[in-house]
């Protein structure tokens, strides 16, 4: 999984950083910080931060400077990758 994630994100298109969600409770349930995202993807924190900064992982930067990653978007990227992989086989 870790190798697949690294391969996918190294060639993934860049994303425009969106606006922060207004509902704080919704943010807590749907989003992860860099550390949580790293654990979820099985990547090093520095690698995850670099991918976020380069726009390879879609994220929102809060006013306090903390990056938040939408878990549903990460899952969506893997769904797209799996569909692409299935269709190429």
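The values are calculated or read from the model by the stated rules, or taken from the named source; none is laboratory data. Quick caveat, the model's predicted, so the values are computed rather than measured. Cβ atoms come from the backbone with ideal geometry, glycine included; neighbour counts cover every protein chain shown.
Observations
- Of the residues in segment 53-68, at least one is in a helix (DSSP H, G or I) and at pLDDT 90 or above.
- Those residues of segment 73-89 which are surrounded by fewer than 16 Cβ atoms within 10 Å (Cβ to Cβ) and either touching a residue at least 60 places away in the same chain (Cβ under 8 Å) or more than 9 Å from the chain's Cα centre (by Cα) (or both), in sequence order: 76, 78, 79, 80, 82, 83, 84, 85, 86, 87, 88, 89
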